[in-house]
Each structure stands twice: as structure tokens, then as C-alpha cells.
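Take a look at the structure set out below.
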Amino acid sequence: MSVTSNPYAPPTTEPQPNPSTYRLRRGPALYIVGFGLLGGFGAIPFLARQNPIGFAVVLTGCIIGGIVYRFRSHNWPHDPTIFHRQLKYSAIAIVMPPAVMFMFAGPNGQGPAFMVIGLIVGVSVACGILISGSRRLNAPQEKAEP
């Protein structure tokens, strides 16, 4: 570095992202949540008439989202690391909604009813996660066995 160069000048080249740490993830979350949301909107007429079929419509929406993702990803490579993450995310999806709803609603009054609704939503999302399969767009390459 010479004495006449400006130490505060921006670098002339942009740093390139490290390919080992940068990985575009394309998973089924938007499909599952999006179709579950559509199922939730479709459940409104049933729930307005106090028909319990409305709870099944949300489950159906999440499952359809997982199936749509599975069909969309049928040409993508298999990700061998996904199974344990699917189990972990499914467990989180089953536990978190009822727990959060119970914390906000409390044990008295409407709390248990909200827990059941949260459990239905959590199980629906978990079913969508497990149905979505193990194919991902940027799956790590499997190592060839010797």
C-alpha cells in the first residue's frame, strides 16, 4: 500500500460468498402453509355453522400442500440429511401452537379449546412436512461408496 492511496476507499472487487456456507434452501414450508391457509379460508363456512368438518379442511389443505411440493420436486435430487430435520420440525409443529395458545389463553375459560385448535393446526402442518418427501433443489451431493 502506498502512502498516496486512500485507506478509506471502498474495495475495488466485491467479496464472493463462500460456497460452503451459502446455500439456497428450497423447502416445502410455503406450500404447506399456503395451502393450509387456503384450507383455513375454505373452512370458514363450515365453522360458521359449527360443523366440525371445518377442522378437517385445514388438515386437508396442509396435506395437499405437501403433495403439491412432492410432485413439483420429483426430478430434484434426494437429500439424505432431511429425515431427521423433518422429524424435528414435525415435533416442533405439534408442540408449539398448543403451547403458545395455552400461554395466551390460560388454563381457565377458553384455554383448553384453543389448545385443541392449536393441536389440530400443528398436526396438520406436521403431516404436510412428513408427506412432502425428501427431495430438495440444492441437496448436498451424496458421496460415492468406495
Among 46-57, 126-137, the order from most to least packed when residues are scored by Cβ within 10 Å on average:
126-137, 46-57
If the stretch 40-130 were replaced by its equivalent ellipsoid, with semi-axes equal to the square roots of 5 times the Cα gyration tensor eigenvalues, what would those be, largest first, whole Å?
28, 19, 6
Per-residue SASA entry for Met96, accessible area with 1.4 Å probe, Å² rounded to 10:
100
Once ligands and nucleic acids are excluded and a 1.4 Å probe is used, how much of Ile92 is accessible, expressed in Å² to the nearest 10?
90
Whenever you get a sec, compute what percent of the accessible area on the stretch 45-88 sits on carbon and sulfur atoms (1.4 Å probe).
68
Starting from the residue with the highest accessible area, list Tyr8, Tyr89 in decreasing order, probe 1.4 Å.
Tyr8, Tyr89
Per-pair calculated FRET efficiency, R0 = 35 Å: Phe83 and Val116 via Cβ, rounded to 0.05
0.75
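The values are calculated or read from the model by the stated rules, or taken from the named source; none is laboratory data. Note that the structure is a prediction, hence the values are computed from the model and not measured. With ideal geometry, Cβ positions are generated from the backbone for all residues, glycine too; neighbour counts draw on all protein chains shown. The protein model used for the area step is the full one, side chains on, heavy atoms only, and it has no ligands, DNA or RNA in it. Shrake-Rupley method; radii C 1.70, N 1.55, O 1.52, S 1.80 Å.
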